[in-house]
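Note sheet for the following structure.
The values are calculated or read from the model by the stated rules, or taken from the named source; none is laboratory data. The structure presented is a predicted model; accordingly, all values stated were derived computationally and were not measured. Don't worry about glycine lacking a Cβ; one is built from the backbone with ideal geometry, like all the others, and counts go over all protein chains shown.
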């Protein structure tokens, strides 16, 4: 084998190594995308639960405030 054949063989080996690395990184990227999608869904669900709970708290605070206000009026102010 002459020098050019050895250089070509080395380049082919390097290409094969790059191909393996590309495949591994592609798999990692796809796994990360799946995890990111799941996290985004969970985050949306938690934000909705937070919104509903905060809304319930505001309603109860209004009722509580109204109750004490009427209770004070009944006592003469």
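Being surrounded by 10 or more Cβ atoms within 10 Å (Cβ to Cβ) and either outside any helix (DSSP H, G or I) or more than 27 Å from the chain's Cα centre (by Cα) (or both): is that true of residue 48 here?
no
Condition (residue is surrounded by fewer than 10 Cβ atoms within 10 Å (Cβ to Cβ) and modelled with pLDDT under 95) applied to region 5-12: is it met by at least one residue?
The answer is yes; a qualifying residue exists.
Only residues in region 8-28 that are free of Cβ contacts under 8 Å to residues at least 60 places away in the same chain and on the phi > 0 side of the Ramachandran plot count as the first member; pair them with residues that are exposed (fewer than 10 other Cβ atoms within 10 Å of the Cβ) and part of a helix (DSSP H, G or I), Cβ under 9 angstrom, at least 6 apart or cross-chain, and list the lot.
That search, which allows pairs on different chains as well, returns nothing.
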